[in-house]
Amino acid sequence: MTATTIKLEGALLKDIQECKPRSQTLAAYVREALEADVRRRRMALAAQEYQAFLSANPDEAADMERWAGAPLAASVKRRNP
């Protein structure tokens, strides 16, 4: 892993230190915050790509609509052997 130093302004550093758990280091807190931001951005991009896929594939979109409307809380019908 490449070591990187990031400088934070005094006010921002103070705010971060006040909101992070005492048991967590500053580096760990910032790392987790950045990882979460990267994950959110990737998920947003994936959602956009999936919406484009559904727009280009109407059959898939129809299948997903039927699936979303499925009665998931209803009990399963069993066949008698």
Original post:
So how long is each side of the chain along the principal axes, counting just the alpha-carbon atoms, biggest first, in Å?
Top reply: 68, 36, 27
**OP:** Report, in debye and to the nearest 20, how large the dipole of the chain comes out about its Cα centre when Lys and Arg carry +1 and Asp and Glu carry -1 on their Cβ.
**Re:** 420 debye
Subject >> Integer Hz, Karplus 6.51/-1.76/1.60 couplings in order for the range 28-33, x for Gly and Pro >> reply: 5, 5, 5, 4, 5, 5
Original post:
Based solely on its DSSP helices, what 222 nm [θ] is calculated for the chain when runs of n ≥ 4 H residues each add -39,500 (n - 2.57) and the sum is averaged over all residues, nearest 500 deg cm²/dmol?
Top reply: -21500 deg cm²/dmol
**OP:** Pick out, from Ala47, Cys19, Val76, the residue whose Cα sits farthest towards the positive end of the charge dipole of the chain, with +1 on the Cβ of Lys and Arg and -1 on the Cβ of Asp and Glu.
**Re:** Val76
Subject >> Vicinal HN-Hα couplings computed from phi for the range 57-68 (Karplus, 6.51 cos²θ - 1.76 cosθ + 1.60; Hz; Gly/Pro x) >> reply: 10, x, 5, 5, 4, 5, 4, 5, 5, 5, 5, 5
Subject >> Residues of the chain: accessible area per residue with a 1.4 Å probe, Å² >> reply: 98 Å²
Original post:
When the accessible area of the chain is split by element with a 1.4 Å probe, what percent falls to carbon and sulfur?
Top reply: 56 percent
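The values are calculated or read from the model by the stated rules, or taken from the named source; none is laboratory data. Bear in mind the structure is a predicted one, so any value in this text is a computation, not a measurement. Don't worry about glycine lacking a Cβ; one is built from the backbone with ideal geometry, like all the others, and counts go over all protein chains shown. What goes into the accessible areas is simple: the full protein's heavy atoms, side chains included, and nothing from ligands, DNA or RNA. Shrake-Rupley method; radii C 1.70, N 1.55, O 1.52, S 1.80 Å.
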